[in-house]
Amino acid sequence: MASKHSVDRRDFLKGAAVTGAAALVPGSVAAEPPQAAAPAQSPGGAPIAGREADPAVDVEVLTTDRPGGDFMVDVLKSLNIDYIASNPGSSFRGIHESIINYGNNEKPEFLTCLHEESSVAMAHAYFKVEGKPMAVLCHGTVGLQHAAMAIYNAYCDRVPVYILAGNTLDATMRRPGVEWAHSVQDAASMVRDFIKWDDNPVSLPHFAESAVRAYKIAMTPPMMPVVVVIDGGLQEDPIPPEIAARLRVPKLTTATPPQGDSGAVAEAARLLVNAQNPVIVADRLARTPAGITRLVELAEALQAPVIDQRGRMNFPSSHPLNQSESGGPLIANADVILGLELFDFWGTVSAFRDSLHRSSRSRIKPGTRLISITASDLFSKSNFQDFQRYPEVDVAMAADAEATLPALTEAVRRLVTDDRRRAFQERRSRLEQAHAREREAARTEAAVAWDASPISTARMAAEIWAQIRNDDWSLVSESGNISGWANRLWNFDKHYRHLGDSGGAGVGYGAPAAVGGALANKKYGRLSVNIQGDGDLLYAPGVLWTAAHHRIPLLTVMHNNRAYHQEIMHIQRMANRHQRGITRWNIGTTIDNPNVDFAKVAQGLGVYAEGPITNPRDLGPALQRALAVVRKGEPALVDVVTQPR
Amino acid sequence: MVMKTLLLLISLVFAAVVATAQTPATPAQPASSGNAETGKKLYVSYGCWQCHGYEGQGGAAGPRLAPRPLPFAGFSRYVRRPTNQMPPYTEKVVSNADLEHIHAFLMSRPAPPAASSIPLLK
């Protein structure tokens, strides 16, 4: 930021002496007493008298000890943000330096990432464990575009990510060359379709308000990512004295989540209590640990079955009312269905056939009443179509479901008569038996292909469970691609036992999300486990290095089916439909010839690794060795060659 | 989430088929006229394993087929004209003879061990 006083872009010499007036932020940069400045300045920071009258004296000011980035760090600290994930980038070099030196690299601590998509996905899963956002720094045009896919995932998953995007708006101050390519007129426009809010502050007070406002908006259901653009000049230049005088960090008061209208709650309770076969379906319900407790209370008040679609960890898997594996018949037989933060209510009550002539049909009986509670009804955008088919519901509460559950449960309890209570208990007995049958069926079915090679996904899930069941564990990966075996065989009973999925199904989420979730679990001493797809890891495997570098304990078990298997099935479907040959499904879909040696990949990134494991008898011992590393606080990986699903 | 919805739908629409496949075998299912070894190769090359697993054990994308598949007549009828998510395998791409080989392979799969005999599943 060397500049000659006659062309200084922020004209900061003009009145630097008044910085001492900035006592509005106690303990912050704006409140510090004036510091000794460059030779051209007085001790108070004012320009040396007479210099302007002598233009022949070419005085360069080369340093400052109060850049704007320091104040930005004050604001971030006020938001209690623990981590800021990023690849380094010149458009935010000012705040980067302020974080590590002025901020002492604490709250937030800088996390070194190797891809912006990894940074955002880490922040995504981190939130789902910790319940507060991680910040991400994105560098100009290139960094924000790299981050875009992961931002979209978080948007679809209704997860807040606090994104700061560096940029140099003043075209006359840009360094020639690359800085122009990395600068943009309207930075947030690149992702505006799939974030909740953004701003482009032009002053430090403006930044302070926007930064706090962004946090509040991101954390108000429906939660989503936000972007605050941080101009390079604002970060790097000295805080102008006239600005320093009025710098303050606004008070943050997060909004209480919206509850359902009392009349609608009463109507929903009436329908549920009077129903013969009510069904509760939960998807992104449990924002906090309280969500599980509240859903258990409602389910037990009604003795109604719960289908957990697992967008979040909503309901204990061992609870007798958990009927997630019997969803189809329950939906078909229901007379009232309560949907709690459903990603796709229409898809829940409809069947769709992907054949030459696509068709759909209702899966519910005529007259079945549908009740929806979702905060997604409060905020919609049009371009990106994650909102699914229009569901024709009977009661629609535009509200946060977790916040609404206590009132709904209380309304239900008030309506339950002795007759209904007896009917509820009979229902409970039937559901307990069904639950027990399903748990037994899971064990029986897991035994099929028990000794197969490639290793069955059921065997893999059982082997992992045997090693972790006595730990305080957390499955920090998507678990659906192993045919739900973890859900069927493990005991999910706490909010961090699993974290849901990516939201937007953008491949590449799994590995960085696992690292972010594991980071959040680290301070609680939890054992984090990641069942990792091979194709997903290959999007940005560098996140393994981030886990090693930051000493994030995480067991990664590769679900290595050597393919983008979902796409194999799609190509097979097309080949069958077109009848031109059904044996070339491998072209463009498999990840073999050569096989990827994930153990070597991981080892090269500083992670303990073993594999490929092809004999199921070798899996248990390999997991034990890897877990010994993880329990010492390091990441480890076991590459397992598996059946496709 | 798209993946999740797809898997949910697939698992739901296949529920009836799964139930059929897992129904205890009729006592006297006639031996298949196909060759199990040939059937194993065809099962792989035609991609049956993609949804049903290499051992026919099934999963989220397709029901369990082995060790007790449907009797050949019903098996063949469903493969030719599936009613749910499974793509159709017409005679143009899989001959009747090949289908019999595949059925023989599925019939040849050994019965799984009892879950109670596996320590990890107790």
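No lab work stands behind these numbers, since they all come straight from the coordinates. Here the structure is a predicted model, which is why all the values come from computation and not from measurement. Here Cβ is always computed from backbone atoms with ideal geometry, including for glycine, and neighbour counts include all displayed protein chains.
Below are the figures for this structure:
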item	result
Within straight-line cross-link reach of A:Lys632, lysines at Cα separation under 16 Å, skipping those fewer than 8 residues along the same chain	A:Lys522, A:Lys523
Extension gain (nm, one decimal) between A:Asn80 and A:Arg580, 0.36 nm per residue minus Cα-Cα	174.0 nm
Entries in A:Lys107/A:Lys128; A:Lys216/A:Lys381; A:Lys600/B:Lys40 that, when Cα-Cα distance is taken, lie over 29 Å	A:Lys600/B:Lys40
For A:Ala396, distant residues with modelled amide H under 5 Å away	A:Ser372
Ascending count of other beta-carbon atoms within 10 Å, so fewest first, for A:Leu234, A:Leu627, A:Leu356	A:Leu356, A:Leu627, A:Leu234
Only Lys, Arg (+1) and Asp, Glu (-1) charged, at Cβ; the range A:352-508 dipole about Cα centre in debye	700
A:His549/A:Thr253 FRET efficiency (R0 30 Å; Cβ-Cβ; nearest 0.05)	0.25
Calculated P(r) of the range A:508-645 - Cα pairs past 19 Å, %	51
With at most 16 neighbouring Cβ atoms within 10 Å, loop GluC sites (Glu not before Pro) (DSSP) excluded, longest segment of chain A	A:107-391
Length added when fully stretched, A:Asn615-A:His570, from 0.36 nm per residue minus Cα-Cα	13.3 nm
Under 5 Å, built H, 5+ apart or other chain: amide partners of A:Trp473	A:Leu527
Low-density loop cleavage sites - trypsin sites (Lys or Arg not before Pro) in the range A:542-607, where at most 12 other Cβ are within 10 Å (DSSP)	A:Arg551, A:Arg580
Mean projected area in nm² (Cα convex hull; one quarter of hull surface) for the protein assembly as shown	36.1
Under the Karplus curve 6.51 cos²θ - 1.76 cosθ + 1.60, θ = phi - 60°, whole-Hz ³J(HN,Hα) for the range A:594-603, x wherever Gly or Pro sits	x, 5, 7, 8, 5, 5, 5, 4, 5, 4
Per-residue mean of C-beta atoms belonging to partner chains within 10 Å, peptide A:571-583	5
Largest to smallest principal axis extent of the C-alpha atoms in the range A:166-271, angstrom	68, 35, 12
Under 19 Å from A:Lys365, Cα to Cα: aspartates and glutamates that are on another chain or at least 8 residues apart	A:Asp335, A:Asp344, A:Glu392, A:Asp394
Label-to-label distance, nm, for residues given as A:Arg439 and A:Ile100 (7 Å Cα→Cβ offset)	5.2
With 5 Å bins from 0: P(r) over the range A:235-380, alpha-carbon pairs, percent	2, 8, 15, 18, 17, 11, 6, 4, 4, 3, 3, 4, 3, 1, 0
Sum of side-chain charges, A:Val596 neighbourhood, beta-carbon under 14 Å (Lys, Arg +1; Asp, Glu -1)	-3
Vicinal HN-Hα couplings computed from phi for the range A:585-593 (Karplus, 6.51 cos²θ - 1.76 cosθ + 1.60; Hz; Gly/Pro x)	4, 7, 6, x, 10, 8, 10, 9, 6
Within chain A, longest stretch clear of exposed chymotrypsin sites (Phe, Trp or Tyr not before Pro) (DSSP loop, no more than 12 other Cβ within 10 Å)	A:1-383
Per-residue Cβ neighbour rank within 10 angstrom, fewest leading, A:Ser502, A:Ser262, A:Ser324, A:Ser477	A:Ser262, A:Ser324, A:Ser502, A:Ser477
Principal axis dimensions, the range A:485-548 - Cα atoms, whole angstrom, descending	32, 27, 19
The range A:432-544, dipole about Cα centre (Lys/Arg Cβ +1, Asp/Glu Cβ -1), debye to the nearest 20	340
Order of A:His559, B:His52, A:His357, A:His139 under a 10 Å beta carbon neighbour criterion, fewest first	A:His357, A:His139, B:His52, A:His559
Antiparallel DSSP beta bridges within the protein assembly as shown, percent to nearest 5	15
Charge sum, other residues only, whose C-beta stays under 12 Å from A:Val159's C-beta, Lys/Arg counted +1 and Asp/Glu -1	+4
Dipole magnitude (debye, nearest 20) for chain A, charges at Cβ of Lys, Arg, Asp, Glu	1860
Förster-model FRET efficiency, 30 Å R0, A:Gln425 and A:Leu356, C-beta, rounded to 0.05	0.05
